[in-house]
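Beneath this line is the structure, given in structure tokens, with notes to follow.
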Amino acid sequence: MSPGPGAGSAPASLTATDKISTFSSFRIRNYRLHFFGSSVSNIGTWMQRIAQDWLVHELTGSAAAVGVTLALQFLPMLLFGLWGGVLADRFDKRKLMLGTQALLGLTGLVLAALTLSGQVHVYHVYALAFVVGLATVVDNPARQVFVSEMVGPHLLRNAVSLNSANFQSARLIGPAVAGVVIMGVGSGWAFLFNGLSFIAPIVALLMMRTSELIPTERAPRGKGQLREGLRYVGRRPELLWPIVLLGFAGTFGYNFAIWLVAFTDHVFHADAGTYGLLNSLMAAGSVAGALLAARRGSRRMRFTVMAGLLFGVVLMVAAFAPTFLVFALLMPVIGLVAMTFQVTANAGIQLHSDPAMRGRVISLMMMVFVGGTPIGGPLMGWLTDTFGARIGLFAGGALCAVAAVGVALVLARIGGLKLRISLRAGSRGVALVPRDPEELAAA
């Protein structure tokens, strides 16, 4: 790898003063390869997610069982997530991704073989979900940090947003195709496509020009690297509190598989095709949110917190949608708000992190965001099974909204602000204003 950015990596016109358009990162060849390779495997990933959720529901008839599957898939991130960040900081990200992508493809092929042969049992799905989680522990921080090596800091927010748009665009196609495939020929063919789809990102990684990557400082092997990463985040409120908010959202709010399965089956009494449609509608909003984020410059942390609050509120509104049409129309809104929150938090955390620590910061972020699912998934599944889909969805949204308000109050206190409520005509009813010097001294 060259000691500096290759000339072909970023054209001379890409400077910190240039205006960023929606697709600015496409000017970089390595990123184009990454984007289009990932787009194929992302479609397969969404097909497998839908087929896996529906297969577990068919085998067990339980929303809680779907939650257990999600929990097992994300449990490795909770247990070993920080180690994935250490590996991402220490080793070549591209080589790590070659290994993880191959393992993810293999799990899809094994599940396809079991399902097509008629030998699949729910414990097979559980075991393979856990293996996917193990691969993701390393793949996630390596892939996210690798983005900065492809595009550099100036285009990082743009590339993160485009990656999210890529993943969510696949969600428009994958669930719809999966619904047709499941009803037509069975879940096994969806798993087979997913397994084969990982050929595309592997080929893309092999075709990259390593001389055009922007190298980042690698952390040397040493003791205490996990503790060092935790201390680093703990000393920085601009990292700590967005991660806390992401943790609440990931644990209690991003359990869409549980709720959409339950609403499809028990509230609207529909089939796998309807489940796929609801996922696709949510994805349409997510794509819009990601593309809007790709055009934005830096945002204040208050924007991320407000997006987190709005996400919780929209979930609570959707919980009591009176008809299927209203519920379906709310899916794009949920997708847009959820993606706006996720992208702005992710990009802000990366931009505020030192490059040598970024892998560990990202792994901690993903550990609390994704790793909370082993707690939230079964809990939300139990609430949904016991009290109904509407109560389960409302509870998840309420917890996210309360967390956003709590984080906002903490950040306001750290920033020397206080909440002012004014009933006078012509003034802002609710606003954050600087605290008096006497109040700051007393605090």
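Of everything in the stretch 111-144, what is under 20 Å from A71 (Cβ atoms), in contact (Cβ under 8 Å) with a residue 60 or more places away in the chain and of a type in the set (A, V, I, L, M)? Give them in sequence order.
Passing the criteria: L111, V120, V122, V125, A129, V137.
Tell me yes or no: at least one residue of the stretch 386-399 is surrounded by fewer than 19 Cβ atoms within 10 Å (Cβ to Cβ), at pLDDT below 80, not aromatic (F, W, Y) and not in a helix (DSSP H, G or I). For the stretch 386-399, residues surrounded by fewer than 19 Cβ atoms within 10 Å (Cβ to Cβ), at pLDDT below 80, not aromatic (F, W, Y) and not in a helix (DSSP H, G or I): absent. Residue pairs whose Cβ atoms lie under 7 Å apart, sitting 6 or more positions apart in sequence or on different chains, and linking a residue in the stretch 370-390 that is of a type in the set (F, W, Y) to a partner that is surrounded by fewer than 23 Cβ atoms within 10 Å (Cβ to Cβ) and modelled with pLDDT under 80, are W382/A64.
Please verify whether the stretch 82-89 includes one or more residues that are closer than 13 Å to Q52 by Cβ and not small (G, A, S). Within the stretch 82-89, none of the residues are closer than 13 Å to Q52 by Cβ and not small (G, A, S). Among all positions in the stretch 80-103, there is no residue which is under 26 Å from L277 (Cα atoms) and in a helix (DSSP H, G or I).
Yes/no per residue for (1) surrounded by fewer than 24 Cβ atoms within 10 Å (Cβ to Cβ); (2) at pLDDT 90 or above; (3) within 22 Å of V147 (Cβ to Cβ):
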site: W241; (1), (2), (3): yes, no, no
site: L246; (1), (2), (3): no, yes, yes
site: F252; (1), (2), (3): no, yes, no
site: A288; (1), (2), (3): yes, no, yes
site: L329; (1), (2), (3): yes, yes, no
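Residues in the stretch 101-128 that are crowded, with 22+ Cβ neighbours inside 10 Å, under 23 Å from the mean Cα position of the chain (by Cα) and of a type in the set (S, T, Y): T107 alone. The residue of the stretch 83-99 that is farthest from G179 (Cα to Cα), among those that are buried (at least 24 other Cβ atoms within 10 Å of the Cβ) and at pLDDT below 85, is D89.
Here T340 fulfils each of the conditions (1) in contact with a helix residue (DSSP H, G or I) (Cβ under 6 Å, 6 or more places away or on another chain); (2) over 20 Å from T22 (Cβ atoms) apart from (2).
Selection of the stretch 248-281 for residues being in a helix (DSSP H, G or I) and either within 19 Å of M367 (Cα to Cα) or of a type in the set (V, I, T) (or both) yields F248, A249, G250, T251, F252, G253, F256, I258, V261, T264, V267, T274.
In the condition set (1) in a helix (DSSP H, G or I); (2) surrounded by fewer than 24 Cβ atoms within 10 Å (Cβ to Cβ), L364 is compliant with all but (2). For the stretch 307-323, residues that are modelled with pLDDT under 95 and surrounded by fewer than 17 Cβ atoms within 10 Å (Cβ to Cβ) total 3.
Restricting attention to the stretch 319-331, does a residue exist that is in a helix (DSSP H, G or I) and of a type outside the set (A, V, I, L, M, F, W, C)? No, there is no match, as no residue in the stretch 319-331 is in a helix (DSSP H, G or I) and of a type outside the set (A, V, I, L, M, F, W, C).
Does the stretch 276-295 include one or more residues that are closer than 18 Å to Q168 by Cβ and among the basic types (K, R)?
Of the residues in the stretch 276-295, the ones closer than 18 Å to Q168 by Cβ are 276-295.
Filter once more, keeping what is among the basic types (K, R): 295.
Checked the stretch 276-295: at least one residue is closer than 18 Å to Q168 by Cβ and among the basic types (K, R).
Each row is one residue, and each column tells you yes or no for (1) within 20 Å of S164 (Cα to Cα); (2) under 18 Å from the mean Cα position of the chain (by Cα).
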| residue | (1), (2) |
| --- | --- |
| I243 | yes, yes |
| V261 | no, no |
| S280 | yes, yes |
| M301 | yes, no |
| G308 | yes, yes |
| F320 | no, no |
| L329 | no, no |
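When the stretch 149-171 is filtered for residues that are among the hydrophobic types (A, V, I, L, M, F, W, C), touching a Leu at 6+ places or on another chain (Cβ under 9 Å) and at pLDDT below 85, the ones remaining, listed by number, are L155, L156, A165. Any chance the stretch 173-194 includes a residue that's surrounded by 22 or more Cβ atoms within 10 Å (Cβ to Cβ), among the small types (G, A, S), at pLDDT 90 or above and more than 21 Å from L96 (Cβ to Cβ)? For the stretch 173-194, residues surrounded by 22 or more Cβ atoms within 10 Å (Cβ to Cβ), among the small types (G, A, S), at pLDDT 90 or above and more than 21 Å from L96 (Cβ to Cβ): present. Every condition in (1) farther than 20 Å from A165 by Cβ; (2) assigned to a helix (DSSP H, G or I) holds for A345 except the one numbered (1).
Tallying residues that are within 27 Å of L172 (Cβ to Cβ) and modelled with pLDDT of 85 or more within the stretch 296-306 yields 2.
Need at least 3 residues that are touching a Gly at 6+ places or on another chain (Cβ under 6 Å) per element, so show me which helices (runs of 4 or more DSSP H) inside the stretch 145-236 make the cut, counting only ones lying wholly within it. Talk me through it step by step, then tell me what you get.
Details: elements: 156-184, 187-197, 199-207, 225-234.
Where helices (runs of 4 or more DSSP H) fall fully within the stretch 145-236 and carry at least 3 residues being touching a Gly at 6+ places or on another chain (Cβ under 6 Å), they are 156-184, 187-197, 199-207.
Is it fair to say V125 is modelled with pLDDT of 85 or more, of a type outside the set (S, T, Y), closer than 17 Å to D92 by Cα and in a helix (DSSP H, G or I)? Reasoning before the result, please.
Numbers: modelled with pLDDT of 85 or more: yes; of a type outside the set (S, T, Y): yes; closer than 17 Å to D92 by Cα: no; in a helix (DSSP H, G or I): yes.
Here the answer is no, as V125 does not meet what is asked.
The values are calculated or read from the model by the stated rules, or taken from the named source; none is laboratory data. Model, not experiment: these values are computed from the prediction. Neighbour counts run over all protein chains shown; Cβ positions are idealised from the backbone, glycine included.
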